[in-house]
1. Out of Thr527, Thr315, Phe350, whose Cα points farthest toward the positive end of the dipole of the chain (charges: +1 Lys, Arg; -1 Asp, Glu; placed on Cβ)?
2. Protein chains only, probe 1.4 Å: how do Trp511, Trp482 rank by accessible area, largest first?
3. What whole-number distance in Å separates the alpha-carbon centres of segment 424-482 and segment 65-87?
4. Over the alpha-carbon set of segment 197-236, work out the extent along each principal axis and list the three values in angstrom, largest first.
5. Could you give the Stokes-Einstein D for the chain in µm² per second, using the C-alpha Kirkwood radius, 25 °C, 0.890 mPa s?
6. Compare the peptides 296-304, 42-50, 364-372, 323-331 by average per-residue count of other Cβ atoms within 10 angstrom and give them in order, highest first.
7. Which whole-Hz couplings ³J(HN,Hα) result when phi for each residue of segment 447-457 is put into the Karplus expression 6.51 cos²θ - 1.76 cosθ + 1.60, θ = phi - 60°, listed in order with x for Gly and Pro?
8. Can I get the semi-axes of segment 80-142's equivalent ellipsoid? Compute them from the C-alpha gyration tensor as square roots of 5 times the eigenvalues, in angstrom, largest first.
Amino acid sequence: MAKRRMAGDHQVEQPLLEGETTTAGETHTMELLGKSMTTAADFKKLHTMNLPGIIHGFDFPISCQQIEEYGVAWWTKALRASRALPEDVQVTRFVEVKNITKKVGGGAADKAIVEVEYDKSCDIPSRFFVKLPCADIDNRLQAANMNSAGPEVAFAHVFACPYSTAEFPMRVAKMFFCDINVESTNFIQIQECLEFSDGSGPGVLFPAADKCQDWKIPRELVDTYYVLLVKGLAHQCAWYETIADTGMGEKIRTMFGETSQMGNFPEKFHFLLRWLIFWVGRSLMFFGIDFIQNTCPQLCPPSILEPASIAQFKTEFEEALYYFPEIMCHLLNKDTFLYGHPNLCVDNAFFYRDETGEGVECGGLDFGLYGKHKTVVHLSGLLGTADEPYHCQNRERLVRLFCEEYTAKSGKHMDPDATYEDYELMNVMKCLLCAVIAVAKVPSAMDMDQLKACPSERDPPMVDNFYGRSFTKLIIASYIRWKHGHAYDSFRRWADREDVSPGFLGTLGGWLFYWPWRPFHSAFMSTQVFLYNRSLLGASWGLAGLAGLGYVGTLIYRSWA
């Protein structure tokens, strides 16, 4: 076989196609299916290489450019290997290969539209949606560390490919070829290109929904969409419980395991963590408030910007922040696990008319994180990006609907009161963390001057900047949900029920190490925000560090002199 290609190397030979007999499902280290990488060392050494996939056993393109370089012969070979293309049909040319990554967003993969022609008519589509490794190496490594591509390829292999025999309890996009090499982390997914339309007749799709842009969905369909998503998630989580003791259940556990990014939290010695968490969190609070007050106040409802609201938020935030270790401990150590899609929000789904042309049904997309996750992670992923005021007005009803559907389908009771309490507590935790995004994410995703000048969420750059929009609306939503969703009240009900209190030593520690120092810290943080807004924060701390080193150097020199 010819030498495999290195990414960006245009001089080596194309992979040979003749004489290869690999068929779908043949074992090529298939025990790795469901994983996205082996080690960081392997990634560093091999991420530019086109290595054989673990499903089909031959190499594949890992960029939009390489799709055309590999050519129609490879495309024919891939579609035949997955049993999508008859042996007597060939791909003859590429009509279009278009990189759409910037348009559709998402940080786990690059995306492309590929349209081909065949030498004769056949049932397989000619237009495909393709996922490939991120061109940005840092994003590629991050996605691999988060185990994004591995579960998605495994899910498609089991449920969505032409040769797949298992049936998932939700419609999913058809996959015509997929493979991954876990040593290099490179992968390819060739799936159906859904024809989004106007939902005007039986089976016809509605327009694609975008993350954090529910205002684009017709008002009469917003609740329909979220009810369908909640039911769909509940049914797939319940479905696993019904097949857990079968061979399929074992296969799911083997391939997907516990993929949740939320691990356990120490049960004891919270006082050792509390000091650092409190002061770091309180420092970031000032940046978050400054963001809504001075960077994008025009995008915020006036109610959260009122001085009384800001003052109340600070007081309540500090109290909840003090108990951050207890909140984390409760959510991470006591919540239940379910198998399902933890990010089944409106932009990871498609909606279409049913067979009658009257009702609406939904299907799921992007199963890259499918696996075993905390219940609140599933619910937060589904409802967390919903626009306001819909979320505040409907979250309790939708959480309770999830519990009702899960209980009915699985035969296992899920307590709606406890589940809703945990969901509310998850929202409190997200509010405590949102200021990190204001400092770390928004400036890198969006031009801050453009954001300041943006008149509404329906105008650029909010309307067309996927990451900037998502981060900005998440921050704003956290303040809306704190005030109008009564996050603090939810925290206090939980704290009172669980009898969460600092005790004598905690109270003493509060008066010694926390409460008296707040005025000094507030004054200090005002200067830090001032410097940050003028791009002087890093320079100021850099100069302070140099001055400190100079002072230490002087002392050492004098001691030697």
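1. Of the candidates, Thr527 comes out farthest on the positive side.
2. Trp511, Trp482
3. Going from one Cα centre to the other spans 41 Å.
4. Result for segment 197-236: principal-axis Cα extents of 27, 26, 17 Å.
5. Calculated translational D: 94 µm²/s.
6. 364-372, 323-331, 42-50, 296-304
7. 5, 5, 5, 5, 5, 4, 8, 6, x, 7, 5
8. Each semi-axis is the square root of five times an eigenvalue, giving 29, 13, 9 Å.
The values are calculated or read from the model by the stated rules, or taken from the named source; none is laboratory data. Not measured: the values here are computed from a predicted model. Methodologically, a virtual Cβ is constructed for each residue, glycine included, from the backbone with ideal geometry; neighbour enumeration extends over all protein chains shown. To get the accessible areas, we keep the full protein, side chains included, count just its heavy atoms, and leave off ligands, DNA and RNA. Shrake-Rupley method; radii C 1.70, N 1.55, O 1.52, S 1.80 Å.
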